[in-house]
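This report concerns only the one structure given below.
The values are calculated or read from the model by the stated rules, or taken from the named source; none is laboratory data. Everything numeric here is computed off the predicted structure, so don't read it as measured data. Cβ atoms come from the backbone with ideal geometry, glycine included; neighbour counts cover every protein chain shown.
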Amino acid sequence: MNYSLEIKNLRKEFKGFTLKDLNIKLEPGFIMGFIGPNGAGKTTTIKLIMNLIKKDGGQIKVFGKDHVAAEKEIKDRIGFVYDENYYYEDLSIRQMKNIVSKFYSKWDDNQFNSYINEFDLNPKAKIKTLSKGMKMKFSLAIALSHQADLIIMDEPTSGLDPVFRRGILDILYNIIQDENKSIFFSTHITTDLEKIADYITFINDGEILFSEAKDKILDSYRIVKGSTKMLEGNRDKFIGLRETDVGFEGLTNNINQIESSFNNDVLIEKASLEDIMVYSIRGE
Amino acid sequence: MNIIISNSSNEPIYEQISSQIKELILRGELDEGDLLPSIRGLARDLQISVITTKRAYDELEREGFIQTMQGKGSYVAGQNKELMKEKKLKIIEEKLWEIAEESKLLGLNYEEVEAMLKILFEEV
């Protein structure tokens with residue numbers, strides 16, 4: 001099986017921060033969301049995949065090929081959207097596009113123009129006049145206009161309003177109709193992932209907490225609410241707890257145990273991705 | 001074909017999809033040979049993961065309701081009518097069993113139950 005993206009035991013050391021034991025696999029035709037708090041290592045991981053910084057250990061393969069040995073070939077097929085965008089501020093969108101498009105063997109100008117139109121951007125506008133959101137839209141237009149087989153994005157929708165974000169989700173859904181294409185993106189906006197993601201990888205403090213099918217994750221966790229006295233002897237059943245004067249709220253991934261310990265005396269609800277993220281990190 | 005998903009229901013989404021498609025087939029709104037939406041198209045329309053739609057279709061195929069052909073898509077399966085009838089008869093039998101049990105517990109005799117059923121048959 002040729003994974004679109006395959007990361008094995010990836011390691012990168014910085015002073016004061018280490019990324020270690022990273023293992024991620026993404027098959028063609030699927031969307032993987034990459035979540036974690038600020039500083040967890042998401043951007044570092046993406047920079048390592050793109051060989052913008054050098055790894056200290058492990059293996060990264062894109063389309064089955066080593067990401068360094070086949071770098072040029074691979075990058076021709078990757079649509080990349082990065083948080084900081086390095087464009088020549090004095091050039092216009094069109095001029096910048098003319099430069100960047102030369103790097104891609106399958107550049108599609110019609111497609112680019114249609115996105116620019118859809119995103120309401122003026123091709124003659126200088127990059128320095130664009131807002132953060134507009135720059136992001138420009139990056140997206142470039143990434144989506146060269147028949148990329150893998151789209152890698154680092155926080156592509158931060159700074160964009162919910163209306164536009166939904167529009168991006170629609171575009172991503174359309175791309176994934178082609179079962180040979182994949183999408184890997186990091187985001188804080190977990191509600192976007194709750195809809196569209198097939199897989200979720202959760203990273204914290206340089207390590208992966210889980211990398212699983214989204215449905216499986218959402219099926220395994222629950223939010224439990226009840227009165228504080230019920231917690232006696234039961235605290236260890238929760239991954240994270242929030243106790244107040246009027247009761248407790250906790251996250252569990254052991255639904256059966258909770259149901260048998262508490263019967264119907266507690267309220268059990270689905271946990272959102274945000275709940276899972278926050279409780280897993282805050283702990284008790 | 002309409003599929004309406006509830007995000008707040010306790011029933012898993014893949015189950016909602018397979019139930020609704022089964023219902024459409026049993027009611028005759030989907031016929032033998034009808035083409036179902038692709039798993040990816042359905043995922044996009046419902047704004048859910050393709051893994052979910054695939055799971056729903058896998059279950060429908062396991063239970064004999066649909067057939068998937070590589071490269072062509074998923075179709076409502078053929079030998080449905082007999083299967084459907086048998087399933088429906090089984091459901092009716094189970095419900096009648098319940099009625100018999102409850103009636104006996106209540107002390108009703110057969111004629112009283114029959115009378116009730118007669119009225120209902122006329123109303124339905």
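Summary table
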read-out	value
The stretch A:156-172, residues that are within 9 Å of another protein chain (Cβ to nearest Cβ) and crowded, with 21+ Cβ neighbours inside 10 Å	none
Conditions (1) out of contact with any Gly (no Cβ under 9 Å at 6 or more places or on another chain); (2) surrounded by fewer than 18 Cβ atoms within 10 Å (Cβ to Cβ); (3) more than 14 Å from chain B (Cβ to nearest Cβ): number failed by residue A:189	(2)
Out of A:46, A:24, A:31, A:35, sole residue that is in contact with a strand residue (DSSP E or B) (Cβ under 6 Å, 6 or more places away or on another chain), within 14 Å of chain B (Cβ to nearest Cβ) and either modelled with pLDDT of 95 or more or closer than 26 Å to residue A:177 by Cβ (or both)	A:31
Residue list for the stretch A:114-139, restricted to those being without any contact (Cβ under 8 Å) to a residue 24 or more places away in the chain and among the β-branched types (Val, Ile, Thr)	A:129
Residue match in the stretch B:82-101 (condition: in contact with a Lys or Arg (Cβ under 9 Å, 6 or more places away or on another chain) and among the aromatic types (Phe, Trp, Tyr))	no
Which numbered condition residue A:215 fails, given (1) among the charged types (D, E, K, R); (2) surrounded by fewer than 18 Cβ atoms within 10 Å (Cβ to Cβ); (3) within 14 Å of chain B (Cβ to nearest Cβ); (4) under 23 Å from residue A:23 (Cα atoms)	(2)
Residue list for the stretch A:222-238, filter: more than 14 Å from chain B (Cβ to nearest Cβ) and buried (at least 18 other Cβ atoms within 10 Å of the Cβ)	A:224, A:226, A:234, A:238
Failed item in (1) closer than 29 Å to residue A:193 by Cα; (2) more than 11 Å from every other protein chain (Cβ to nearest Cβ); (3) part of a loop (DSSP other than H, G, I, E, B), with residue B:7 passing the rest	(2)
Filter pass, residue A:201 being polar (S, T, N, Q), buried (at least 20 other Cβ atoms within 10 Å of the Cβ) and in contact with a Phe, Trp or Tyr (Cβ under 7 Å, 6 or more places away or on another chain)	yes
Check on residue A:74, under 25 Å from residue A:273 (Cα atoms), hydrophobic (A, V, I, L, M, F, W, C) and surrounded by 14 or more Cβ atoms within 10 Å (Cβ to Cβ)	no
All positions within the stretch A:245-284 that are modelled with pLDDT of 90 or more, farther than 24 Å from residue A:188 by Cβ and acidic (Asp, Glu)	A:245
Residue A:69 vs. criteria away from every other protein chain (no Cβ under 14 Å), hydrophobic (A, V, I, L, M, F, W, C) and exposed (fewer than 15 other Cβ atoms within 10 Å of the Cβ)	yes
Residue within the stretch B:19-34 that is within 12 Å of chain A (Cβ to nearest Cβ) and either part of a helix (DSSP H, G or I) or surrounded by fewer than 20 Cβ atoms within 10 Å (Cβ to Cβ) (or both) present	no
Tally of residues being charged (D, E, K, R), in contact with a Leu (Cβ under 8 Å, 6 or more places away or on another chain) and under 13 Å from residue A:257 (Cα atoms) across the stretch A:201-241	2
Residue among A:175, A:196, A:142 that is within 14 Å of another protein chain (Cβ to nearest Cβ), in contact (Cβ under 8 Å) with a residue 12 or more places away in the chain and crowded, with 19+ Cβ neighbours inside 10 Å	A:196
Flag if residue A:137 is farther than 26 Å from residue A:28 by Cα and away from chain B (no Cβ under 14 Å)	no
Scan of the stretch B:53-78 for residues that are surrounded by fewer than 19 Cβ atoms within 10 Å (Cβ to Cβ), part of a helix (DSSP H, G or I) and more than 16 Å from the chain's Cα centre (by Cα), ordered by number	B:54
Condition met for residue A:127 (at pLDDT 95 or above and touching a strand residue (DSSP E or B) at 6+ places or on another chain (Cβ under 8 Å))	no
